[in-house]
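To keep things clear, I will list the structure first and then write my remarks on it.
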Amino acid sequence: MEIIELEIKGLILIKPKVFKDERGYFFEPYNKELLEKAIGFSVDFVQDNESMSSKNVLRGLHFQEVPFEQAKLVRVIKGRVTDVCVDIRSGSPTFGNHIKIELSEENKHCLFIPAGFAHGFVTREDKTIFSYKCSSFYNKAMENSIFWNDDDLGIDWEVNDPIISDKDKSARP
């Protein structure tokens, strides 16, 4: 397993070792001990979520307010996404900055997103299955989002006409 610290402190890309043979493949997408060694603190995931989306579906940018913020471990089971994380940690030197990274069934990369980030993704293939672990339970009263196309963030989603939920269309700029 290769652990890569990304340019925004706290974001960790995990490239698992994939064992392939004539039968197929095997890999370990999550190992608590290795992840905690890489991030330097304990994290307990309490909920797994999964979505399936058509091509060009954009979900995000979502987060939960303190004290219900969530760390996430995300990956793609089938298909491909451009994943986006925005630093919303007050006082962070990279506040308002974002990263984009491709996650796919081919590369099998996982992304650790600590609490304090807004998160979203856009699908690049039909029937993309996106999976993620969360460190706290979903709390509808504490959910929030940032407008996916906020001018100040300047995110190039690389999609001309994304499919967006009504909820995400009404997110705050």
- Look at M1 and say whether it is surrounded by 13 or more Cβ atoms within 10 Å (Cβ to Cβ), of a type in the set (A, V, I, L, M) and farther than 23 Å from I99 by Cβ. no
- Message: Against the conditions (1) hydrophobic (A, V, I, L, M, F, W, C); (2) in contact (Cβ under 8 Å) with a residue 12 or more places away in the chain; (3) touching a strand residue (DSSP E or B) at 6+ places or on another chain (Cβ under 7 Å), where does I4 fall short? Just the number, please.
- Response: (2)
- Note on the structure: Of the residues in region 29-48, those that are outside any loop (DSSP other than H, G, I, E, B), open to solvent by 40 Å² or more (accessible area, probe 1.4 Å) and in contact (Cβ under 8 Å) with a residue 40 or more places away in the chain come to Q47, D48
- Item | All positions within region 49-77 that are surrounded by 13 or more Cβ atoms within 10 Å (Cβ to Cβ), of a type in the set (D, E, K, R) and in a strand (DSSP E or B) | R59, K72, R75
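Inside region 18-33, can you point out the residues that are over 19 Å from the mean Cα position of the chain (by Cα) and of a type outside the set (V, I, T)?
Selection gives F19, K20, D21, E22, R23, G24, Y25, F26, F27, E33.
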- Examine region 11-28 for a residue that is farther than 16 Å from K108 by Cβ, open to solvent by less than 40 Å² (accessible area, probe 1.4 Å) and in contact (Cβ under 8 Å) with a residue 40 or more places away in the chain, and state whether such a residue exists. yes
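The values are calculated or read from the model by the stated rules, or taken from the named source; none is laboratory data. Just so it is clear, the model here is predicted, and its values are computed rather than measured. Glycine gets a Cβ as well: all are built from the backbone with ideal geometry, and neighbour counts include every protein chain shown. Heavy atoms of the whole protein, side chains included, go into the accessibility calculation; ligands, DNA and RNA do not. Shrake-Rupley method; radii C 1.70, N 1.55, O 1.52, S 1.80 Å.
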